[in-house]
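Data first, discussion second: the structure below is written as structure tokens.
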Amino acid sequence: MADPTKLSVEKALEKIRQRDEPKSETSRLDEKTDALNDEIKRMRAQRLRLERQQGKRG
């Protein structure tokens, strides 16, 4: 008779995937946050360039 503490391969993989999911979700959110932060930096730099150009004209 099989030992009741042993899991089938399918169940073991399921448990591993469940543990990995929050990490991968966090990683995805971190990547999105980094991308948005880069976009904010780019837009701020662009705004500063535009403000300098308007100052020279006006």
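Just a few scattered comments:
- Probing with 1.4 Å while keeping every protein chain in the model, the per residue accessible area of the range 8-49 equals 96 Å².
- Note on Leu50 and Lys11: the model spin-label points, each 7 Å out from Cα along the C-beta direction, lie 6.0 nm apart.
The values are calculated or read from the model by the stated rules, or taken from the named source; none is laboratory data. Here the structure is a predicted model, which is why all the values come from computation and not from measurement. We place every Cβ from the backbone using ideal geometry, glycine too, and count neighbours over all the protein chains shown. For the accessible areas, the whole protein counts, side chains as well, though only heavy atoms, and no ligand, DNA or RNA atoms are used. Shrake-Rupley method; radii C 1.70, N 1.55, O 1.52, S 1.80 Å.
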